[in-house]
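Take a look at the structure below.
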Amino acid sequence: MKKKFFITTPIYYVNAKPHIGHAYTTIAADVLARFHKSRGDDVFLLVGTDEHGLNIQKKAEDAKKDPQVFVDEISQEFKNYWEKLDIKYDNFIRTTDEKHKAAVQKALQTLYDKKAIYKGEYEGFYCVACEQFKNEKDLVDGRCPDHDIVVEKTKEESYLLKMSADIQKKLIEKIKSDEFKIAPEKYKKEVLSFLESQELHDVSISRKNVSWGVALPFDPEHTTYVWADAFLNYLTGLGWEGDPNKLPSQWPADIQLIGKDILRVHATIWPIMLMHLGIELPKMLFVHGHILSHGRKMSKTLGNAISIDEMLEKFGVDGTRYLLMSAGTFGEDVDVTMERMIEKYNADLANGIGNLVSRVLKLAQNFQFSIFNFQSISNDKISNDIINFEFEKALEKIWKIVREDDKFVEENKPWELEKNDKAKFKEVMQKLISDLNLISELLAPFMPETSEKIKKALEEKKTGVLFPRIK
Ligand code: MSP
């Protein structure tokens with residue numbers, strides 16, 4: 001039996017088209033999905049868009065568009081970019097899908113019937129870009145620290161989801177025991193210290209003044225709070241219809257990949273909704289750091305984002321995937337600039353691998369070989385790096401082979417051996433070709449197109465320029 005591997009990305013807001021922050025999470029999820037597929041696992045990669053809520057309602061109004069037309073357009077942009085970036089997802093869920101909305105209503109009705117949801121009042125500081133209530137102590141001069149916008153004090157009638165002390169205790173235990181694993185460790189600690197230092201408030205799960213949302217089945221004057229609606233995508237994306245007793249076979253999620261900005265909600269509201277519904281929690285939340293630009297989180301709201309188009313134009317699909325996955329430690333923040341990326345592209349791709357492949361293939365013109373003679377070698381160290389979300393380490397190890405081979409060519413001078421020492425020439429070429437074959441295999445999850453191109457170049461003994469130099 002194949003081992004199931006269900007992986008999710010956050011579903012992104014459709015208030016603007018995606019930037020490289022969104023691409024970062026999605027490419028990482030695709031790398032993991034491709035890697036697990038290559039090991040024979042039964043993989044399901046779920047991606048999608050989060051399309052309700054006040055922020056999007058306002059953005060559609062600003063654009064003078066009907067909200068459905070507005071979200072249709074931007075959601076399609078996400079799909080287009082994921083196609084351009086070679087993301088092989090198994091489903092793209094949209095929260096405006098009728099089936100998703102019906103399932104959300106069914107699940108909320110269940111929670112209401114169980115008395116986990118009750119009618120009350122909610123007061124707090126609301127950041128419309130986060131679509132979250134903020135604690136007063138987290139604000140900086142009355143502004144949201146992530147989005148630098150003034151938060152509004154809101155008080156309104158609302159339905160609330162109960163956060164009992166008992167549930168909080170159970171959640172803490174599940175996190176501590178890694179039954180609901182939060183990784184890297186520092187994020188687990190952060191969540192535990194938050195959960196252990198205060199009693200959770202009941203969470204508002206509806207909005208009376210937001211029309212763009214899923215109507216509550218038990219009170220159509222309210223719409224569902226966008227996060228409660230959004231979380232359920234992780235189940236509806238598998239075809240779940242809202243019945244806690246009929247779960248899709250891929251559930252629970254093996255890995256939920258998220259940025260650190262949305263950790264707290266994923267580690268509180270989401271598992272608590274599931275616990276109330278009696279549904280098993282995901283196995284793991286893996287939290288990555290932010291892509292920064294000049295020290296601040298790259299974001300649409302701050303307007304400091306590098307566009308995916310800009311990267312694709314300069315670096316191509318695989319160049320973009322490579323530069324994002326090698327930008328730094330995945331769990332930590334990484335600051336990127338176009339200048340540094342151009343430098344790295346030239347060093348590692350144009351001069352590094354591109355140069356090695358063309359050099360070896362030129363030397364191999366008069367050399368008889370078949371790549372089918374080379375065994376495929378799995379590299380456990382690199383596999384472990386990928387399993388541990390250490391993409392930059394895996395890539396560094398692959399590039400170590402590239403650099404060593406370059407040195408090997410310099411030292412052995414195969415162009416001289418070809419004339420003077422046929423036996424040694426053969427030996428040297430066998431090693432180089434076998435390494436290229438290995439490199440192409442190791443690169444496959446990260447740079448699928450390049451991996452294929454190298455394989456093809458070896459088969460046909462010819463190569464074009466893999467990565468043209470950027471001036
Ligand atoms: N819609 C919610 C998520 C709901 S999931 C049930 C949301 N959307 S978002 O459009 O704001 O996307 C946030 C996510 O996008 C982050 O958690 C991260 O995965 C990715 N990123 C957006 N900007 C990013 C960076 N600057 N750096 C890295 N990842 C970033 O929150």
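Indicate the gyration tensor shape class of region 72-209 (rounded, prolate or oblate), computed on the Cα atoms with a ≥ b ≥ c the square roots of the eigenvalues: a/c under 1.5 is rounded; otherwise a/b larger than b/c is prolate and the rest oblate. In terms of gyration-tensor shape, rounded.
Using only alpha carbons, the chain has a radius of gyration to Kirkwood radius ratio (Rg to Rh) of 1.04. Taking 0.36 nm per residue of separation and subtracting the Cα-Cα distance, full extension of the segment from residue 189 to residue 329 would add 48.5 nm. Dividing the radius of gyration of the alpha carbons in region 165-286 by their Kirkwood radius gives 0.97 for Rg/Rh.
Mind ranking 400-412, 346-358 by how tightly packed they are, going by the mean number of other C-beta atoms within 10 angstrom, highest first? All intermediate terms of the calculation are to be shown ahead of the outcome.
Numbers: 400-412: 14.5, 346-358: 19.8.
Answer by packing, highest mean first, reads 346-358, 400-412.
Let me know the shape class of region 282-397, please: from the alpha-carbon gyration tensor, a ≥ b ≥ c as square roots of the eigenvalues, rounded when a/c is under 1.5, otherwise prolate if a/b is greater than b/c, or oblate. Note, shape of region 282-397 comes out oblate. Note on region 1-148: antiparallel DSSP beta bridges, both residues inside, total approximately 25 percent of the bridges counted. Full extension of the chain segment joining residue 148 with residue 404 gains 87.4 nm, where the gain is 0.36 nm per residue of separation less the Cα-Cα distance.
Distance from the Cα centroid of region 274-328 to that of region 423-471 is 29 Å (rounded to whole angstrom).
Let me make sure I get this right: for region 31-102, a, b and c are the square roots of the gyration tensor eigenvalues over alpha carbons, sorted descending. Under 1.5 in a/c it's rounded, otherwise prolate if a/b > b/c, else oblate. Which is it? Before the final figure, lay out the partial values.
Details: a/c = 3.66, a/b = 2.21, b/c = 1.66.
Prolate shape, in that a/c is at least 1.5 and a/b is the bigger ratio.
What percent antiparallel are the DSSP beta bridges of the chain, to the nearest 5?
Details: 24 of 46 bridges.
Of all bridge pairs located within the chain, approximately 50 percent are antiparallel.
Averaging the Cα positions of each part gives two centres, and for region 206-264 and region 341-363 these lie 46 Å apart.
Every number in this text was worked out from the coordinates using simple rules, so none of it is lab data. Keep in mind it's a predicted model, so treat the numbers as computed, not measured. Cβ sites come from the backbone with ideal geometry, for glycine too, and all protein chains shown count toward neighbours.
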